[in-house]
Every structure is written in structure tokens, then in C-alpha cells.
Amino acid sequence: MLHKRMEKYLSSLISEEQQAAPSLKVEIYQEEKEYMEEHELISNNVTLIEKDPTTRFQDAYIERCDKNTEETISEESFAFLEQPIDYLQKHKNEFLYLESNWLELIGVDAISLEVSDVFGTYDVMVGLQLQKKFEISLKENLRKELHGDEARFELIFNQTDGLFDLNFALNYVNGFNEGMSLEEAYRLIYRSLFKLVESVEERSKDMN
């Protein structure tokens, strides 16, 4: 799960020769930095430096898609994400689809974001690579992390793909605000999913 992926990611950053160096500085994003420090994955000679968080999705693949047909309207560059999140309120017939190498680290295939036709909330849709046995833990953590009386989510295990289809309203994630950009929204989604997977992993350790 996450722990193994993080170890693999760390080994891709630091070669064996570098590990033997007296001191080494490695640039890394906040979520991964916090995880590696908390789980003591780094040796004493390594100093982790936090990267500019706004660059995380610079290389992401982004599409604007039609809700009804799911067909691609256009591919977009990273600059598109600089727009306010209410772009989706003004274009309710669209959803955004984003793929990134960073999502592989947390076991997510892609992130789709749209405005709910029923509730008017910013709905997140992902496929989560976790075994079905983690369903109860996932639900417990989602209930804990989503705030507000109207907070809601849908979690269904897809037997065909071996993935959890997870939908939740970003409005109820701590840190959300209506004035944020699409780029900020995607970073918040990433952080919330990272923490969700981490919490489920920790709970599974406690149960074993």
C-alpha cells in the first residue's frame, strides 16, 4: 500500500551512492515529507526540503469533458487550473478529468471534479486501489474527515476493476473555500486522499 509506494518513491530519489554521502538534501512535497518523517523512512544524513506545492500538477494531463456524453471537449494545460473553482458553477455541463503520476503514489487512477446538478456541491470522483476488506475502515475515516451535517459520500467496490469508486463533496473537506482556484482544489483533494489512505493503512496495522 502507501508505505511500500513511499519506500519505492524514496529509492527513486536517492541512489545507493547518495545514501552513503555525509549529507544530502532532497526536495519533496509536504504530504510525502510529513509521511517520511513520521514513519522514519529517511536516514540521518538526509534533509528533506519542502517543494513549492503549486508545482505538483504542472505535468498533469487535464481534460474538460461533457457530463452527458463523457466525451472530451478539449485538453487543457496546467494554466487552466489557475481559474477560480466557480468555473464549474458557470459550466455545469462539464467535468474536469485529471491524471498525474502523483496519483499513482496514493493508489488513485484519476480525479474527476464537477458540480452536482442536485446539491450544487463540488463533487470529487476517483477510483481507489484498495482491497474490499478495507471498506469499513474507509467509511469510518470518510465520516470522520468530512465535516458538516450535510456531508455525504458514496463508496462502492467495483468487482470488475478491483477498485473502490469513491464520490464525495469537496465542500465538506477541511480547508475548502469558494474562492479557491482549481489548482488549489486539486491539491486539497490530493491531500485529503493521501491522509485517507494513510489512515486506512494505519488502522489495518493496528488490527493485525
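Worth pointing out:
- Centroid-to-centroid separation of segment 8-81 and segment 93-122 [C-alpha atoms, Å]: 18 Å
- Spatially proximal lysines relative to LYS133 (Cα-Cα < 16 Å; intrachain offsets below 8 disregarded): LYS205
- Computed over segment 1-144, the ratio Rg/Rh where both radii use C-alpha atoms and Rh is Kirkwood: 1.04
- Stokes-Einstein D for segment 57-207, Kirkwood Rh over Cα pairs, 10 °C, 1.306 mPa s (µm²/s): 100 µm²/s
- Computed over the chain with a Gaussian network model linking Cα atoms closer than 10 Å, the most mobile of ASN141, ASN44, ASN174 is ASN44.
- Dipole size of segment 2-51 about its Cα centre, with +1 on Lys/Arg Cβ and -1 on Asp/Glu Cβ: approximately 140 debye, rounded to the nearest 20.
- Rounded to the nearest 20 debye, dipole of the chain from Cβ charges on Lys, Arg, Asp, Glu: 520 debye
- Viscosity 1.306 mPa s, 10 °C: Kirkwood-radius Stokes-Einstein D of segment 2-51 over Cα pairs, µm²/s: 145 µm²/s
- Length available on full extension from ASN44 to GLN89: 0.36 nm per residue minus the Cα-Cα distance, which gives 11.4 nm.
- The label point for ALA79 and the one for SER116, both projected 7 Å from the Cα toward the Cβ, are 3.5 nm apart.
- Restriction of the chymotrypsin sites (Phe, Trp or Tyr not before Pro) in segment 62-162 to DSSP coil positions whose beta-carbon has at most 15 other beta-carbons within 10 angstrom yields PHE119.
- Extension reserve of the GLU37-ARG203 stretch, reckoned as 0.36 nm per residue once the Cα distance is removed: 57.9 nm
- The HN-Hα couplings worked out from phi for segment 84-93 by the Karplus form 6.51 cos²θ - 1.76 cosθ + 1.60 (θ = phi - 60°) are x, 4, 5, 3, 6, 5, 7, 9, 5, 7 Hz, whole numbers, x standing for Gly and Pro.
Bear in mind these aren't lab numbers, they're just calculated from the coordinates by the rules spelled out. Not measured: the values here are computed from a predicted model. Every residue, glycine as well, gets a Cβ built from its backbone with ideal geometry; the counts of neighbours run over all protein chains shown.
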